[in-house]
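Asks: Please see the structure below; I have some questions.
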Amino acid sequence: MGEEYVSTFIEYSLFLLKILGATSLLGLMGFVTAYYALPPNLAIAEIKDKGQFNFESRLQVENIGRLPAFRVIADVERMNFVMGGMNMSNMAATDCGIPTAKLAAGERMELPACPHVGVPPGSNLSSCDYVLKLKYEFRLPFFSKKICKRWDVELRNAGQEFTWQIALR
């Protein structure tokens, strides 16, 4: 009785392979594997302090996934900062700047710790907090998906010392 089930299963499997083709089934399996197991994944790897001023710090964004991320764009939401006599609250910058065309697996890119804000060199921020939103595309042949990741970023000052605090949302 067990041999009968095996022979029936083999017969139907061969019929299905004749209709669909082995390459179609293997292609579908490869697509599903790439979609779930290998997508790009952006993470903030480290913060580089390039000088004594907190405005000169840079965020190192790394693709820790297996496939490249395309059209990486950094947006800012709910930015509040104080510098000297200037006080900005609830500022947003969406789709500004030139997107990074491709960020390969293991590759890094730098972002300013306070993006889309221009101040003179040697300036220090009294306070700064915002939501950093990284948008990027995951592309496979005949398929594209937009992915968005968010981080809370906050500057903490203590006298002459400072640190940037980051939390994934």
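Asks: Longer than 28 Å from Cα to Cα, which of K48/K133; K50/K146; K48/K145 are they? Say none if no pair is.
Replies: K50/K146; K48/K145
Asks: Now for a separate question. Taking a quarter of the surface of the convex hull around the Cα atoms of segment 36-114, what do you get in nm²? Can you show the working numbers first?
Replies: Values: hull surface 25.1 nm².
Averaging across all directions leaves 6.3 nm² for the Cα convex hull.
Asks: Which value, in debye to the nearest 20, describes the size of the charge dipole of the chain about its Cα centre when Lys and Arg Cβ atoms bear +1, Asp and Glu Cβ atoms bear -1, and nothing else is charged?
Replies: 360
Asks: Next question, about the same structure. Putting +1 on Lys and Arg Cβ atoms and -1 on Asp and Glu Cβ atoms, find which of L28, C148, A45 reaches farthest to the positive end of the dipole of the chain.
Replies: Going by the charge dipole, the pick is C148.
Asks: While we're on this one: Note the angle between two axes, namely the Cα long axis of helix 2-20 and the longest principal axis of the Cα atoms of the chain, as a number of degrees from 0 to 90, rounded to the nearest 10.
Replies: The two axes meet at around 60 degrees.
Asks: What is the distance in Å between the Cα centres of segment 1-26 and segment 60-127?
Replies: Using only Cα atoms, the two centres lie 54 Å from each other.
Asks: What does the net charge come to around G51 if you take all other residues with beta carbon closer than 15 Å to its beta carbon, with K and R at +1 and D and E at -1?
Replies: -1
Asks: Cross-link partners among aspartates and glutamates for K102, C-alpha distance below 15 Å, same-chain residues fewer than 8 apart left out?
Replies: Cross-link targets: E62, E110, E137.
Asks: State the answer as a single residue: which of S123, I64, M109 lies farthest towards the positive end of the charge dipole of segment 39-168, with beta carbon charges of +1 for Lys and Arg and -1 for Asp and Glu, about the Cα centre.
Replies: Of the options given, the answer is I64.
Bear in mind that the values in this text are calculations on the coordinates, not laboratory data. All values reported here derive from a predicted model rather than from experimental measurement. Neighbour counts are summed over all protein chains in view; Cβ atoms, including those assigned to glycine, are modelled from backbone coordinates with ideal geometry.
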